[in-house]
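To start, the structure itself, in structure tokens.
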Amino acid sequence: MREYLLTLCITAAVTYLLTGPVRKFAIVAGAMPEIRARDVHREPTPRLGGIAMFFGLCAGLLVADHLTNLSEVFEKSNEPRALLSGAALIWLIGVLDDKFEIDALIKLGGQMIAAGVMVMQGLTILWLPIPSVGSVALTQWQGTLLTVALVVITINAVNFVDGLDGLAAGMVCIAAAAFFLYAYRIWYSYGIEAAAPATLFSAILMGMCLGFLPHNMHPARIFMGDSGSMLIGLVLAAGAISITGQIDPDALKLFAGSEKAAVHQTVPVYIPLLLPLSIIAVPAADLISAIVRRTWRGQSPFAADRGHLHHRLLEIGHSHSRAVWIMYFWSALIAFGSLAYSVNSASMWIVLGVVFLSAIGLVLLLLPRFTPRVPMWAQAVVPPRYRRRRPVVAESVESVEVEQRTPVAVGVAGVNGATALRARAHAPERRRAETSR
């Protein structure tokens, strides 16, 4: 665990320290696209944050290769090298898209090629754990197609949810944390060394997101762009493929008592292949709804719009920060709920806890829809939006005319700050006049 934490901290530190220089480079390189109709930010913001995240990934893998215990992952498995190869390819495609905005079909082809590169180096799904059946071996073509599909779906799910400051990085960090705990439990508790690569990938992914988040929280100073969103989506998919398609559920039978029970314990592992990822169910739901919505309108599935979940939260009345935290809440509830269910699926308290937290999440989600009446004695301790408005006493026409004829003095605050701006505008002239005197 100490080596995993060291790898996580170094990855986060490298990503954090490189994001500042990368931001300056993005500004100089002109990677600051104009604000589009679907964007929620109001000022041009540089992209290419994925450059810092990729070098954080490289630093994490390099450090892990030189540690005593984690170096065995590189000796016994080729999956870290496969991940680095696919990540480098998808990162280059993302950098080109952040700068030149390449076509969506070209990006889709690049995603499939990156997944194919990982498959060629051994990071692929060999069998599927199916409830009440056991492990089903897949042919080479079946494993390749399923692996490519899972990688492409996960990449686009993360890319689609990247619409608010800090949203994609935070949600993926939450998913990676839950997946790290599950993979570490399989590796450490059951002694299955095949789960070590997935545990390492999750730790590095958490470091990438944590190092980038301080620069990306609202108001964001830099965006990760497609170079970052596609990169973290690929790393997350690689971890799911490694632990799902490489570990035979029969290995858990020795500890669980039967193959059926062993497969039952791998619920959070085979669910990711079906949804495709239960730990990022919110981005996956956003992806599916976006595809259905756009094809129903006769548009391309890759056509941009303002119908994503985070856009709807803003339309309901949530602020930018509150919408992000609500998405965090639901992602954490689904991810850690699946994790708790995998540990003890027979506990009714886990189900009741998830239901209770879901009710709280629904109340927070619908909070802007109603404004409760607060008693007069509690007016001072509630936010202004919940206070009762005092009736405005109508002024006489004569007083209004007198007020209109009275000129507003310079420096006095007026409507929408107009006089304040006017005062600042005349301030240099006043200084020049005093200087001439």
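Numbers below:
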quantity: Kirkwood estimate for segment 90-165, i.e. one over the average of 1/r between Cα atoms, Å; calculated: 14.0
quantity: Probe 1.4 Å, all protein chains present, accessible-area order of Met217, Met53, largest first; calculated: Met217, Met53
quantity: Loop-located GluC sites (Glu not before Pro) in segment 64-113, at most 15 other Cβ atoms within 10 Å (DSSP); calculated: Glu101
quantity: Neighbour cut-off at most 10 other Cβ (10 Å), DSSP loop, chymotrypsin sites (Phe, Trp or Tyr not before Pro), segment 39-78; calculated: none
quantity: Solvent-accessible area of Val22 with every protein chain in place, 1.4 Å probe, in Å² to the nearest 10; calculated: 20
quantity: Where Phe201, Phe336, Phe25 fall by accessible area, highest first, once all protein chains stay in place (1.4 Å); calculated: Phe25, Phe336, Phe201
quantity: Cα convex hull of segment 54-180 - mean projected area over all directions, nm²; calculated: 9.8
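The values are calculated or read from the model by the stated rules, or taken from the named source; none is laboratory data. Remember, it's a predicted structure, so these values are computed and weren't measured experimentally. Using ideal geometry, Cβ is built from the backbone for each residue, glycine included, and neighbour counts are taken over all protein chains shown. The area values use the complete protein model at the heavy-atom level, side chains included, leaving out ligands, DNA and RNA. Shrake-Rupley method; radii C 1.70, N 1.55, O 1.52, S 1.80 Å.
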